[in-house]
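> The following block contains the structure, expressed as structure tokens.
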């Protein structure tokens, strides 16, 4: 079935749906967006007999997907650290992001990063203005991570659509 019209249309539909979910997953982290884009890439490759989207393209998308998943965590850590967070604030920001996402989906991860870093820093004995600053850093870092993740989703889109077009 390689490159038949039906297979190619199916591949396009799967890729476009996967990329929409990936883009939504960047701003609505309750959606597993980037892994869905990777799965869509694999399915589109299979539908086209791995002629348009081969193993090399799938491997690149897998690497990009792994990077994208790490961006939010790294953003949180780097942001909190640059704003003076100690170990407690780093752990608090990471834990707070997860708890916030679970308790207040879809945007709770942002509030959670801030609250977690601030709260853990305060519990560790830091003065409230310093704890607050660490929380702001965790929040800004998490936002930067979301921006980085969005850039990677765009790169995945360019790579996969380029392969489907035949570039």
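The values are calculated or read from the model by the stated rules, or taken from the named source; none is laboratory data. In this text, all values refer to a predicted model and were calculated from it rather than measured experimentally. A quick note on method: Cβ atoms are made from the backbone with ideal geometry, for glycine too, and the neighbour counts reach across all protein chains shown.
> So residue 59 clears everything in (1) within 17 Å of residue 158 (Cα to Cα); (2) in contact with a helix residue (DSSP H, G or I) (Cβ under 7 Å, 6 or more places away or on another chain); (3) loosely packed, with under 15 Cβ neighbours inside 10 Å except one condition, right? Which one?
With respect to (1) within 17 Å of residue 158 (Cα to Cα); (2) in contact with a helix residue (DSSP H, G or I) (Cβ under 7 Å, 6 or more places away or on another chain); (3) loosely packed, with under 15 Cβ neighbours inside 10 Å, residue 59 is out only on (2).
> While we're here: Failed condition for residue 165, given (1) surrounded by fewer than 17 Cβ atoms within 10 Å (Cβ to Cβ); (2) under 17 Å from residue 91 (Cβ atoms); (3) under 26 Å from the mean Cα position of the chain (by Cα), with all others met?
Only one criterion in (1) surrounded by fewer than 17 Cβ atoms within 10 Å (Cβ to Cβ); (2) under 17 Å from residue 91 (Cβ atoms); (3) under 26 Å from the mean Cα position of the chain (by Cα) is unmet by residue 165, namely (2).
> Applying the selection to region 81-111, what residues are surrounded by fewer than 16 Cβ atoms within 10 Å (Cβ to Cβ) and either modelled with pLDDT of 95 or more or over 22 Å from residue 31 (Cβ atoms) (or both)?
Within region 81-111, 82, 84, 87 qualify.
> Any chance you could count how many residues in region 148-166 are in contact (Cβ under 8 Å) with a residue 12 or more places away in the chain and assigned to a helix (DSSP H, G or I)?
Taking region 148-166 as the starting set, the residues that turn out to be in contact (Cβ under 8 Å) with a residue 12 or more places away in the chain are 148-150, 152-153, 155-157, 159-161, 163-164, 166.
From the residues that got through so far, the ones that are assigned to a helix (DSSP H, G or I) too are 148-150, 152-153, 155-157, 159-161, 163-164.
Of the residues in region 148-166, 13 are in contact (Cβ under 8 Å) with a residue 12 or more places away in the chain and assigned to a helix (DSSP H, G or I).
> Name the single residue, out of those in region 112-146 being free of Cβ contacts under 8 Å to residues at least 24 places away in the same chain and assigned to a helix (DSSP H, G or I), that is surrounded by the fewest Cβ atoms within 10 Å (Cβ to Cβ).
Result: 129.
> State the number of residues belonging to region 82-96 that are on the phi < 0 side of the Ramachandran plot, part of a loop (DSSP other than H, G, I, E, B) and touching a helix residue (DSSP H, G or I) at 6+ places or on another chain (Cβ under 6 Å).
Number satisfying all stated conditions: 2.
> What's the number of the condition residue 75 fails, among (1) in contact (Cβ under 8 Å) with a residue 12 or more places away in the chain; (2) surrounded by fewer than 16 Cβ atoms within 10 Å (Cβ to Cβ); (3) closer than 21 Å to residue 97 by Cβ?
Checking residue 75 against (1) in contact (Cβ under 8 Å) with a residue 12 or more places away in the chain; (2) surrounded by fewer than 16 Cβ atoms within 10 Å (Cβ to Cβ); (3) closer than 21 Å to residue 97 by Cβ, the one that fails is (2).
> I need the full set of residues from region 13-50 which are assigned to a helix (DSSP H, G or I), in contact with a helix residue (DSSP H, G or I) (Cβ under 6 Å, 6 or more places away or on another chain) and farther than 30 Å from residue 101 by Cα, in order please.
Hits for region 13-50 are 44, 45, 47.
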